[in-house]
Amino acid sequence: MNKKVLGLIIILVVIVMVVIIAIVVKPKESNSDIINSNIVSKNNEDIFYASIEEINEYNGVTSVLVKGLENNDVNHRGEFEFSIDDDTEILLRENKVGISDLKVGQKISITSTGGVLERYPVELIKVTRVIILNENEI
């Protein structure tokens, strides 16, 4: 067999192997790929601190507008909005409380899953826990 033909066959085999490996072996997603850069991430949970700016209720849905605190990483210092549903746990000193206990100006810890919608303000897809904080807890 000619050396040029043998060389072309080897190059084609290598290219086919690289393509097959790229299709079969997918790179593992990191948490920063799943949820925009986290201050704390555990089991795809995004946890950060914020101050409540507004609380609105419309058609039985409560939405909360918050501003991330300066001690968060840079990606959590902007404004965020989220809805509170029946699955959202609201805590004050480890005790469950209701939506009525949330007040404008309070500092809170937000635990969210499911990522974000990148718009203004950023929308948190699913907030699972809101913890009302004392000033010394931040």
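What follows is calculated from the coordinates using simple rules that are stated; it is not laboratory data. Just so it is clear, the model here is predicted, and its values are computed rather than measured. Quick reminder, even Gly has a Cβ in these numbers, built from the backbone with ideal geometry, and neighbours come from all protein chains shown.
Each of the peptides 62-72, 122-132, 7-17 was scored by the mean count of other Cβ atoms within 10 Å over its residues; in descending order, highest first, they stand as 122-132, 62-72, 7-17.
Extending 7 Å from the Cα toward the beta-carbon at both residue 101 and residue 54 defines two label points whose distance is 2.6 nm.
Along segment 107-124 the Karplus relation, 6.51 cos²θ - 1.76 cosθ + 1.60 evaluated at θ = phi - 60°, assigns HN-Hα couplings of 8, 9, 10, 10, 10, 10, 9, x, x, 9, 9, 7, 8, 10, x, 4, 9, 7 Hz to successive residues, with x for each Gly and Pro.
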